[in-house]
Amino acid sequence: MSFHQLFDGSDAHLLPSNAADCAAKLRQYNRWRRGEDWAPDEDGPNPKELGLLIDYAADALQRH
């Protein structure tokens, strides 16, 4: 199932603007996961946004 089949448009504001934006946001997530990017009392990344980023990246890899 491709990214476009999974995405219904309701969370368009969470989508990366391009592949470079997606990569930057995934790298930021990884820094957070390692405890490097957010203070302990701050909220972490939006789980829905993370899922869309992963779908976007997987779809791009599959096309490549």
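Are there any helices (runs of 4 or more DSSP H) wholly within region 1-63 with 1 or more residues that are at pLDDT below 85, touching an Asp or Glu at 6+ places or on another chain (Cβ under 9 Å) and not aromatic (Phe, Trp, Tyr), and if so which? Spell out the reasoning first.
On the way: elements: 3-6, 19-33, 47-63.
Where helices (runs of 4 or more DSSP H) fall fully within region 1-63 and carry at least 1 residues being at pLDDT below 85, touching an Asp or Glu at 6+ places or on another chain (Cβ under 9 Å) and not aromatic (Phe, Trp, Tyr), they are 3-6.
Those residues that are under 11 Å from the mean Cα position of the chain (by Cα) and among the small types (Gly, Ala, Ser), I need them from region 18-48; list them, please.
Of everything in region 18-48, those that are under 11 Å from the mean Cα position of the chain (by Cα) and among the small types (Gly, Ala, Ser) turn out to be Ala19, Ala23, Ala24.
When you look at Gly44, is it out of contact with any Leu (no Cβ under 7 Å at 6 or more places or on another chain), under 22 Å from His64 (Cβ atoms) and surrounded by 11 or more Cβ atoms within 10 Å (Cβ to Cβ), yes or no?
no
The values are calculated or read from the model by the stated rules, or taken from the named source; none is laboratory data. This one's a predicted model, so the numbers in the text were calculated from it and none came from an experiment. Using ideal geometry, Cβ is built from the backbone for each residue, glycine included, and neighbour counts are taken over all protein chains shown.
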